[in-house]
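*Asks:* The structure that follows is given in the form of structure tokens.
The values are calculated or read from the model by the stated rules, or taken from the named source; none is laboratory data. This one's a predicted model, so the numbers in the text were calculated from it and none came from an experiment. In this analysis, Cβ positions are derived from the backbone assuming ideal geometry, glycine residues included, and neighbour counts consider all displayed protein chains.
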Amino acid sequence: MSKPEILMPKAMRDIVLNGLEARFTLHKPYEAADGGEAISASSAGVRGLAVLGTRIDAAYLDKFPYLEIVSNFGVGYDNIDAEACGARGIMVTNTPDVLTEEVADTAIGLLIMTVRELSAAERWLRDGNWSGKGPFPLTKASLKDRTLGIVGLGRIGKAIASRAEAFGLKVHYHGRNQQAGVTYPYHATLKGLAETVDTLMLVAPGGDETRHMINAEILKALGPTGILINIGRGTVVDELALIDALSNGTIHAAGLDVFENEPHVPEALMALPNAVLLPHVGSASVSTRDAMGQLVVDNLVSWFETGKAITPVAE
Ligand code: DGY
């Protein structure tokens, strides 16, 4: 029996490449002379996609009449039009759980870097200021006694919450619904949360529903001692409103691992001393990225062997 055909629009880690090549007939359009711009007619029989960041919309799906499954590398799948997939009966999978601890660790690291201005302090040392100008200026903020408002208390949000509690922070949260069994104070509105806490931690997924939910009004509600951390998706924050709020003291500081138009980061944000900026490294360790890659492969293998996916996205 011939092997199912899988198409991988962009190169992925060896664990994905080798895993797919061992079990499937793999199409790698990115190796073509045109960089894979045109998906060739020979790919028409493709039954599965292994995707890293590629925008999969209705027009893309229409190229593959036999497509059954889209296996996404990443827990966030805002690159995929899940509704268009659903309408065509196409399964969508992502890579939850295996990255939870890594992303939560990065979130707490970014929070501490931002509150205690650690990257600026390191630059101060490396630039030779310590011996010349003396000690790095005292930071206005401390971690102690802060109240953390988590926006999106899913698996990663909960892992961040338990770490934050260990550091002595109080935790509140906002989401679509209050969660049964969760004892952290719940705020039905984002504005209510922002008015109550002094630190916002964004773990919200991207997509239309969350686009620019952090705007000028929410930043004003967070206030001049406020700190914003974004570990979810850049589109959740209105970047221009944030630049404005950081420039004029509406909030104290921000730590960002994600941006609206990655890998583009606005010059105005780069120039701000009260912004800590990371290049989307939340899950970026070898072991976690390998675990995510293995799950991309395992979802496809499971689908074609048993008709069931391991981690279908929750709709
Ligand atoms: C995810 O899994 O969605 C992360 O953002 C990937 O880095």
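*Asks:* Scan the stretch 264-305 residue by residue and report those that are away from the ligand (no atom under 14 Å from the Cβ) and aliphatic (A, V, I, L, M).
*Replies:* Val265, Ala268, Leu269, Met270, Ala271, Leu272, Ala275, Val276, Leu277, Val297, Leu300, Val301
*Asks:* For Asn261, work out the one condition from (1) more than 16 Å from the ligand (Cβ to nearest atom); (2) modelled with pLDDT of 95 or more it doesn't fulfil.
*Replies:* Failing condition for Asn261: (1).
*Asks:* Another question, if that's okay. For the stretch 192-210, name all the residues that are within 16 Å of the ligand (Cβ to nearest atom) and either of a type in the set (Lys, Arg) or under 18 Å from Val115 (Cβ atoms) (or both).
*Replies:* Within the stretch 192-210, Met201, Leu202, Val203 qualify.
*Asks:* Follow-up. Does Gly192 satisfy the condition of being farther than 26 Å from Ala216 by Cβ, small (Gly, Ala, Ser) and out of contact with any helix residue (DSSP H, G or I) (no Cβ under 8 Å at 6 or more places or on another chain)?
*Replies:* Values: farther than 26 Å from Ala216 by Cβ: no; small (Gly, Ala, Ser): yes; out of contact with any helix residue (DSSP H, G or I) (no Cβ under 8 Å at 6 or more places or on another chain): yes.
It is false that Gly192 is farther than 26 Å from Ala216 by Cβ, small (Gly, Ala, Ser) and out of contact with any helix residue (DSSP H, G or I) (no Cβ under 8 Å at 6 or more places or on another chain).
*Asks:* Okay, next question. Any chance you could count how many residues in the stretch 68-96 are among the small types (Gly, Ala, Ser) and either buried (at least 24 other Cβ atoms within 10 Å of the Cβ) or not assigned by TED's automatic domain parsing to the domain that holds Pro9 (or both)?
*Replies:* Residues in the stretch 68-96 being among the small types (Gly, Ala, Ser) and either buried (at least 24 other Cβ atoms within 10 Å of the Cβ) or not assigned by TED's automatic domain parsing to the domain that holds Pro9 (or both): 1 in total.
*Asks:* Only one of Lys28, Lys10, Lys63 is in contact with a Leu (Cβ under 6 Å, 6 or more places away or on another chain), in contact (Cβ under 8 Å) with a residue 12 or more places away in the chain and more than 21 Å from Ala309 (Cα to Cα). Can you tell me which?
*Replies:* Working: Lys28 fails: in contact with a Leu (Cβ under 6 Å, 6 or more places away or on another chain); Lys63 fails: in contact with a Leu (Cβ under 6 Å, 6 or more places away or on another chain).
Criteria check complete, one pass: Lys10.
*Asks:* Taking the stated definitions as given, is Tyr30 away from the ligand (no atom under 16 Å from the Cβ), modelled with pLDDT under 95 and within 25 Å of the chain's Cα centre (by Cα)?
*Replies:* yes
*Asks:* Restricting attention to the stretch 177-197, does a residue exist that is within 19 Å of the chain's Cα centre (by Cα) and outside the structural domain of Asn94 (by TED's automatic domain parsing)?
*Replies:* If we filter the stretch 177-197 for residues that are within 19 Å of the chain's Cα centre (by Cα), which is where we start, we get none.
Checked the stretch 177-197: no residue is within 19 Å of the chain's Cα centre (by Cα) and outside the structural domain of Asn94 (by TED's automatic domain parsing).
*Asks:* Turning to a different aspect of this structure: Being touching a Gly at 6+ places or on another chain (Cβ under 8 Å), under 16 Å from Leu148 (Cβ atoms) and within 16 Å of the ligand (Cβ to nearest atom) is the filter here; which residues of the stretch 223-256 pass it?
*Replies:* Ile229, Asn230, Ile231, Gly232
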